[in-house]
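Student: Have a look at this one before I ask anything.
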Amino acid sequence: MRKVKIAFLDRDGVINKDKGYVGFRKDFIWTKGAKKAIKYLKQKKFKVILVSNQSGIARGFFKYKDVLILHKTIQKELINFGTKIDKYLFSPYHKDGIIKKYKINHSTRKPGTGMFRIVKKKYLIDKKHSFMIGDKNTDMIFAKKCGIKGFFFKEKDLLKFIKKKIFF
């Protein structure tokens, strides 16, 4: 099995503007350069994996299926742009949630490594060339626990950030 380079991308705050608990398309605003960044990563032979904590589900702000619908819509927009995200993973859990089945600590919630382990079952990950881009400390802790580079994104243009930070 061939090693695969993986770009793990957080959702809210990285590919879209973090407006707090984004569960519907009407609240999803692409970050500048996000679609181009995903296309660029795909051209550089990366698998692009979205890894996102979505505690809005546990908190009752939206439903699990709403996030699935949003991700399907995002994927359609990316396909129309000539690219795609290879896998969408998200954790609906939070210990302070109000929805009983999601009101737990769970290993898929970053900084836990559950989402990384899911990806590891499908791909032989090239840790040396894989990375995580996130906008929170939990994303950086996730990267460190997984043994990959972590890049803290607090800029306006994702494509410019990737070209500046990540060398191929």
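Student: Scanning the stretch 83-108 for residues that are exposed (fewer than 12 other Cβ atoms within 10 Å of the Cβ), of a type outside the set (Asp, Glu) and in contact (Cβ under 8 Å) with a residue 12 or more places away in the chain, which turns out nearest to Tyr40 (Cα to Cα)?
Tutor: Asn105
Student: With out of contact with any strand residue (DSSP E or B) (no Cβ under 8 Å at 6 or more places or on another chain), in contact (Cβ under 8 Å) with a residue 12 or more places away in the chain and open to solvent by less than 40 Å² (accessible area, probe 1.4 Å) as the only criterion, which of Ala37, Ala7 stands out?
Tutor: Checking each option against the conditions leaves just Ala37.
Student: Next up: Please go through the stretch 68-82 and pick out each residue that is of a type outside the set (A, V, I, L, M, F, W, C) and open to solvent by 90 Å² or more (accessible area, probe 1.4 Å).
Tutor: Lys72, Lys76, Asn80
Student: Could you list, ordered by first residue, the pairs with Cβ atoms under 6 Å in which the first is in the stretch 144-166 and among the acidic types (Asp, Glu) and the second is part of a loop (DSSP other than H, G, I, E, B) and open to solvent by less than 80 Å² (accessible area, probe 1.4 Å), at least 6 apart or interchain?
Tutor: Cβ pairs passing all conditions: Asp157/Gly33.
Student: Mind checking which helices (runs of 4 or more DSSP H) fall wholly inside the stretch 54-131 and carry at least 3 residues that are of a type in the set (Val, Ile, Thr)?
Tutor: Output list reads 64-80.
Student: Regarding the stretch 58-70, can at least one residue be identified that is touching a residue at least 12 places away in the same chain (Cβ under 8 Å) and closer than 24 Å to Phe161 by Cα?
Tutor: No, because not a single residue in the stretch 58-70 is touching a residue at least 12 places away in the same chain (Cβ under 8 Å) and closer than 24 Å to Phe161 by Cα.
Student: For the stretch 40-57, name all the residues that are touching a residue at least 60 places away in the same chain (Cβ under 8 Å), open to solvent by 10 Å² or more (accessible area, probe 1.4 Å) and closer than 21 Å to Phe142 by Cα.
Tutor: Lys47, Asn53
Student: Take the residues in the stretch 142-168 that are part of a loop (DSSP other than H, G, I, E, B) and not hydrophobic (A, V, I, L, M, F, W, C), then tell me which one is surrounded by the fewest Cβ atoms within 10 Å (Cβ to Cβ).
Tutor: Checking each candidate, the answer is Lys154.
Student: So which residues in the stretch 58-67 are crowded, with 21+ Cβ neighbours inside 10 Å and under 17 Å from the mean Cα position of the chain (by Cα), if there are any at all?
Tutor: Within the stretch 58-67, Val67 is the sole residue that qualifies.
Student: Any residue in the stretch 118-141 that's open to solvent by 40 Å² or more (accessible area, probe 1.4 Å): show its pairings with residues that are assigned to a helix (DSSP H, G or I) and at pLDDT 95 or above at Cβ separation under 9 Å, as long as the two are six or more apart or on different chains.
Tutor: Sorted first by the residue in the stretch 118-141, then by its partner, the pairs are Lys120/Cys146; Lys127/Cys146.
The values are calculated or read from the model by the stated rules, or taken from the named source; none is laboratory data. Predicted model, so just to flag it, every value in this text is computed and none were measured. All Cβ positions, even for glycine, are placed from backbone atoms using ideal geometry, and neighbour counts span all protein chains on display. Only protein heavy atoms, including side chains, enter the accessible area calculation; ligands, DNA and RNA are left aside. Shrake-Rupley method; radii C 1.70, N 1.55, O 1.52, S 1.80 Å.
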